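Structure first, then comments.
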Amino acid sequence: MKLSPPIQILIIDDSAVGRMGISAVLPLDLDIQIAAEAEDAAAALEKYRIHRPDVVLLGMPEEEGLDTLRNLLVVFPNARVLVLAIFERVDEMRRFREAGACGYMDKSAPRAKLIHSIKEIHSGRNRLCPPEPDANGHHMLLVE
């Protein structure tokens, strides 16, 4: 039986602590591997070009994050991006969705929910979740 290669992730976060936190959580899952990390839009474009990750985790403040998302999608229109937000706001979710994000969720969501979201986005079985919190009070917006 052939095993699938791990899902390659690019982490984009302007905070070194944020990148380290995500990096510390994800390698615990054998199906996911961190390909690269970037601290800004320019580095993100270069790292994406080199590593061609399967999923991008974008954890930057709203305006900077939107600019980074738009710039990335202009050059790499098939990039699959999951936005990780500090504060979940429905208006912000909509703005990222309209800019082309595949998903949006709270950075404080449980590890299992993050991994599930990554796998959903990678699989292409995207769905639109209502912008109400789940049982744990977390939002996740996956767009078709």
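The values are calculated or read from the model by the stated rules, or taken from the named source; none is laboratory data. Every value quoted in this text rests on a predicted model; they were computed, and no experiment measured them. All Cβ positions, even for glycine, are placed from backbone atoms using ideal geometry, and neighbour counts span all protein chains on display.
With respect to (1) of a type outside the set (S, T, N, Q); (2) buried (at least 20 other Cβ atoms within 10 Å of the Cβ); (3) out of contact with any Cys (no Cβ under 9 Å at 6 or more places or on another chain), the lone exception for I121 is condition (3).
Which of the residues spanning the range 12-37 are of a type in the set (A, V, I, L, M, F, W, C) and under 16 Å from R70 (Cα atoms)? Walk me through how you get there before you give the answer.
Quick first cut of the range 12-37, residues of a type in the set (A, V, I, L, M, F, W, C) only: 12, 16-17, 20, 22, 24-26, 28, 30, 32, 34-36.
Within the range 12-37, just I12 meets the criteria.
Here S15 fulfils each of the conditions (1) at pLDDT below 95; (2) under 18 Å from I118 (Cβ atoms) apart from (2). Regarding R89, is this residue out of contact with any Leu (no Cβ under 9 Å at 6 or more places or on another chain), modelled with pLDDT under 80 and among the basic types (K, R)? It is true that R89 is out of contact with any Leu (no Cβ under 9 Å at 6 or more places or on another chain), modelled with pLDDT under 80 and among the basic types (K, R).
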